[in-house]
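The values are calculated or read from the model by the stated rules, or taken from the named source; none is laboratory data. These numbers come from a predicted model, not from an experiment. When we count neighbours, we look across all protein chains shown, and the Cβ atoms used for this are built from the backbone with ideal geometry, even at glycine.
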Amino acid sequence: MALGFGIVGCGLISKFHARAIGDVPDAKLVACFDVVKESAQRLAQEFGCRAYDNLDAFLADPELNVVTIATPSGAHMEPAVAAARAGKHVIVEKPLEITLERCDAIIKACEEAKVVLSTIFPSRFHQSSQWLKKAVDQQRFGRLTLGDAYVKWWRTQQYYDSGAWRGTWQLDGGGALMNQAIHSVDLLAWLMGPVVEIQAATGLLAHERIEVEDVALAILRFSNGALGVLEATTAAYPGHLKRIEIHGNRGSAVMEEEDIIKWDFAEEHPDDQVIREKMASRISGGGGASDPAAIGHHGHARQFADVVRAIKEGTRPLIDGYEGRRSVEIILGVYQAAELGRVVKLPLPGDPDLVARKVGVANLRKV
């Protein structure tokens, strides 16, 4: 049985959601909602679904099983909570929300409704990311020593001027870190483990009429003792491929966009040469380095397929609400460290009961 999907928020990212849903065999786009009626109608006409400008009516659609949230970042909580209370499974575009309190409200609502919650981080589903994670889990790096993420992108002033929410604390929740580099923040924490200390500096250097940073630099300490550097900007013309570096005393690997460009270990495995050969002929495009629309939807499709699997099996998806919350906490820690001019320790204050537990997989509702 194909699950009926509906999209909340019919702006730029909604088309990537719609295309991804269309690529998942057990999923079907049945509805979309936007407070701007014309936006919903345009998306519905392009992708062949029903358009709504009333959220209650949208959530009451009899074919709707899963809701994807594609509104501005600081407007994720309200529709996500409403969807959970209506018994719908929920997928939220990154970031999960822009404060820990709002993240926790989404997680709590989904747990109480026993519905699946997933935060969109499609980069984890790239083959190169999976190889990196497998190598970490196999302890091929030995003692992890350094984990770095670099996102040196470019956004024009017109990009920020194109939407009143862009570059605001209230709805964007931050700048180059919260909006653009959060994918790399997620990957770094996924690969290196929890962040426990942060030192940071941020600046607004190349853009006008925005409240948030376009340059950020942080030094991270992970729970395993390793250190790391996080650099993010939307002020590096013309925009460069994002980069993740993982180093240890027995190995090093570097991923640029979706390609592995360094793969060196003290002890060779049979698959190493295969990985190098597969990567040798690949050249990543620019991704979103200079154009936010120049991204693929294949990672979204793989993640939506994982959510469909989780719903049908009554299990957790690979990236749940807690995973989405983690990157938000790190970024908020960077902002706090930059503002205070001192080391900030994680975890930050949140809902202690929620953080301490995870609902059992058997309690999740199946479709």
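Condition check: within 14 Å of L191 (Cα to Cα) and either modelled with pLDDT of 95 or more or polar (S, T, N, Q) (or both). Does G239 satisfy that? For G239, the condition - within 14 Å of L191 (Cα to Cα) and either modelled with pLDDT of 95 or more or polar (S, T, N, Q) (or both) - is not met.
Only residues that are among the hydroxyl-bearing types (S, T, Y) and under 22 Å from the mean Cα position of the chain (by Cα): list them for segment 33-87, please.
The answer is T68, T71, S73.
When segment 242-255 is filtered for residues that are buried (at least 20 other Cβ atoms within 10 Å of the Cβ) and closer than 30 Å to I210 by Cα, the ones remaining, listed by number, are K242, I244.
Among the residues of segment 164-187, not one is under 13 Å from F121 (Cα atoms) and free of Cβ contacts under 8 Å to residues at least 24 places away in the same chain. Regarding segment 327-345, can at least one residue be identified that is modelled with pLDDT of 95 or more, more than 18 Å from L230 (Cα to Cα) and not in a helix (DSSP H, G or I)? Taking every residue of segment 327-345 in turn, none turns out to be modelled with pLDDT of 95 or more, more than 18 Å from L230 (Cα to Cα) and not in a helix (DSSP H, G or I).
Could you please find all residues in segment 181-190 being touching a Ser or Thr at 6+ places or on another chain (Cβ under 6 Å) and either in a loop (DSSP other than H, G, I, E, B) or not hydrophobic (A, V, I, L, M, F, W, C) (or both)? Correct list: H183, D186.
Restricting segment 14-49 to residues that are without any contact (Cβ under 8 Å) to a residue 24 or more places away in the chain and of a type in the set (G, A, S) leaves a set whose member that is surrounded by the fewest Cβ atoms within 10 Å (Cβ to Cβ) is G48.
Scanning segment 191-241 for residues that are among the small types (G, A, S), surrounded by fewer than 21 Cβ atoms within 10 Å (Cβ to Cβ) and either under 19 Å from the mean Cα position of the chain (by Cα) or in a strand (DSSP E or B) (or both) yields G193, A201, G203, A235.
Quick check on my filter: what residues within segment 12-34 are in a loop (DSSP other than H, G, I, E, B) and within 28 Å of R166 (Cβ to Cβ)?
Selection gives D34 alone.
Which is more than 24 Å from the chain's Cα centre (by Cα) and assigned to a helix (DSSP H, G or I), of D264, D272? Residue meeting the stated conditions: D272.
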